[in-house]
1. Which residue is least open to solvent (accessible area, probe 1.4 Å), if the candidates are limited to the range 100-122 and must be within 17 Å of the chain's Cα centre (by Cα) and free of Cβ contacts under 8 Å to residues at least 12 places away in the same chain?
2. Could you give every pair whose Cβ atoms fall below 9 Å, whose first residue belongs to the range 52-69 and is among the hydroxyl-bearing types (S, T, Y), and whose second residue is open to solvent by less than 90 Å² (accessible area, probe 1.4 Å), counting only separations of at least 6 or pairs across chains?
3. Determine which single condition A85 fails, assuming it passes every other condition in (1) open to solvent by 60 Å² or more (accessible area, probe 1.4 Å); (2) under 29 Å from I11 (Cβ atoms).
4. Take the range 166-206 and flag every residue that is open to solvent by less than 30 Å² (accessible area, probe 1.4 Å), assigned to a loop (DSSP other than H, G, I, E, B) and of a type in the set (A, V, I, L, M, F, W, C).
5. May I ask you to list the residues in the range 59-108 that are aromatic (F, W, Y) and outside any helix (DSSP H, G or I)?
6. Say we look at the range 139-159 and pick out the residues that are of a type in the set (S, T, N, Q) and under 22 Å from L179 (Cα atoms); which of these is most open to solvent (accessible area, probe 1.4 Å)?
7. Can you confirm whether V24 is open to solvent by less than 70 Å² (accessible area, probe 1.4 Å), assigned to a loop (DSSP other than H, G, I, E, B) and not small (G, A, S)?
8. List the number of the failed condition for Q54; all other conditions in (1) part of a loop (DSSP other than H, G, I, E, B); (2) more than 26 Å from G125 (Cα to Cα); (3) open to solvent by 60 Å² or more (accessible area, probe 1.4 Å) hold.
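The values are calculated or read from the model by the stated rules, or taken from the named source; none is laboratory data. Just so it is clear, the model here is predicted, and its values are computed rather than measured. Neighbour counts run over all protein chains shown; Cβ positions are idealised from the backbone, glycine included. Keep in mind that these areas ignore ligands, DNA and RNA; they rest on the heavy atoms of the full protein, side chains included. Shrake-Rupley method; radii C 1.70, N 1.55, O 1.52, S 1.80 Å.
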Amino acid sequence: MSKTINSPIIIGLTGGIGSGKTTVAKLFNKLGVESVDVDDIAREVVAPGENCLQEIVQAFGRDILTEDGSLDRAGLRQIVFADTALRKKLESITHPAIKARLKQKIASCESKIVLLVHPLLFETGQNNECKFTIAISVSKQIQIERVMRRDNNSEQQVMRIMDTQLTNQKRIERADFILENTSNNADLSVKVLQLHNKLQNLLSLE
């Protein structure tokens with residue numbers, strides 16, 4: 001039986017940079033829940049040949065491209081996170097493209113529940129599209145260490161990025177469910193399973 005467009009129940013998953021959103025999403029995937037990651041979409045819309053990349057080049061110049069014509073994401077990140085006006089200028093270009101692609105991705109999902117993975121879920125108002133929201137709670141120090149190691153960023157650069165996001169406390173205050181991530185994958189797997197079962201029970205009662 002074919003499903004209607006945009007019929008999945010959307011569950012928002014959010015957390016600051018380096019909180020473990022991808023790991024949590026993969027655990028939900030193993031339980032049969034498809035996920036759409038806004039970070040992945042953000043990379044897609046600025047790929048060579050995309051209109052969004054052309055607009056970014058017009059706004060910031062060709063110096064933000066690598067030799068092969070790809071976006072120098074690290075270089076652009078350093079520019080925009082050091083200047084609020086430039087960050088807002090970039091967001092005015094990328095956010096509409098991301099939102100449009102996001103709708104397409106969700107509509108193509110087959111699972112009853114779709115996990116919307118979004119680092120700025122509350123900041124962008126995307127939580128209003130969600131039936132429930134989940135916030136990953138993690139210590140600031142773990143976040144900094146993960147991102148420095150993963151992206152080869154300085155601590156100062158990581159802190160600048162974190163300053164553009166809600167604090168961990170404000171995020172968990174707004175979420176329906178909290179997932180504590182202590183970097184123990186076995187423990188996290190159990191927590192995700194428990195939350196998945198809770199969501200299934202809640203949704204079955206409606």
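1. That would be A100.
2. Matching pairs, first to second residue: T66/D72; T66/G75.
3. (2)
4. A175
5. Within the range 59-108, just F81 meets the criteria.
6. Q141
7. no
8. Here Q54 meets the rest and fails (1).
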